[in-house]
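One structure is given here, and the rest of the page talks about it.
The values are calculated or read from the model by the stated rules, or taken from the named source; none is laboratory data. Quick caveat: nothing in here was measured; it's all calculated off a predicted structure. For neighbour counting, all protein chains shown are included, and Cβ atoms are generated from backbone atoms with ideal geometry for every residue, glycine included. Please note that ligands, DNA and RNA were not included when accessible areas were found on the heavy atoms of the full protein model with its side chains. Shrake-Rupley method; radii C 1.70, N 1.55, O 1.52, S 1.80 Å.
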Amino acid sequence: MNARNLMTRDMASVRLSATLHEVVNLMHDEDVRHVPVLEGRYLRGMVSDRDVRSVTLPMMLAAENPGQQRFDLGASVADVMQTDVITVGPEASAEEIIDLMMDHKVGALPVVDHETEQLLGIVSYIDVLRAARDLL
């Protein structure tokens, strides 16, 4: 089993020009935790629910009245996204994917055609667990 078999091809993603508000809404609406940030079909970064919390939680803790705190959800996704994204090619084995996820403590890996550098899909820990369940 490899990334090509495991990946979700029709994944939720946002443009590089997206706002934090758009990403938060997309994560909620699509029930996803990891969103690729694209410029055309090219991966420019990833935003996870952890990245969003890293921005909003300190704001809440610093607020005098956290219940009334408003976040700058108009901020650019580029300000929040991770740019040092670990990717795999479509032929990466399930074992390699699992090792990378565990070693780097990430819940999803974008699948990129390393010749064209275009995003092909994404493999999340849910995709891996689903495949493992099917083998039991």
Q | Chain lengthening between LEU26 and SER76 when straightened (0.36 nm per residue, less Cα-Cα) | A | 16.5 nm
Q) How much length is gained if the chain between SER54 and ASP84 is pulled fully straight, taking 0.36 nm per residue apart and subtracting their Cα-Cα distance, in nm to one decimal? A) 9.1 nm
Q) From the list (1) 1.00; (2) 1.40; (3) 1.13, can you say which value of Cα Rg over 2.2 N^0.38 Å was derived from the structure given? A) (3)
Q. Using a 1.4 angstrom probe with every protein chain in place, what is the largest-first accessible-area order of HIS34, HIS28?
A. HIS28, HIS34
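So for each of 44-53, 79-88 I average, over its residues, the number of other beta carbons within 10 Å; can you give me the resulting order with the highest mean first?
Packing proxy ranking, top to bottom: 44-53, 79-88.
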Q: Name the residue farthest towards the positive end of the dipole of the chain from the options ALA3, THR116, PRO36, assuming +1 on Cβ of Lys and Arg, -1 on Cβ of Asp and Glu, about the Cα centre.
A: PRO36
**Q.** Charge sum, other residues only, whose C-beta stays under 13 Å from LEU43's C-beta, Lys/Arg counted +1 and Asp/Glu -1
**A.** -1
Q.
7 Å from Cα along Cα→Cβ at both GLU96 and ARG4: what's the point-to-point distance in nm?
A. 1.3
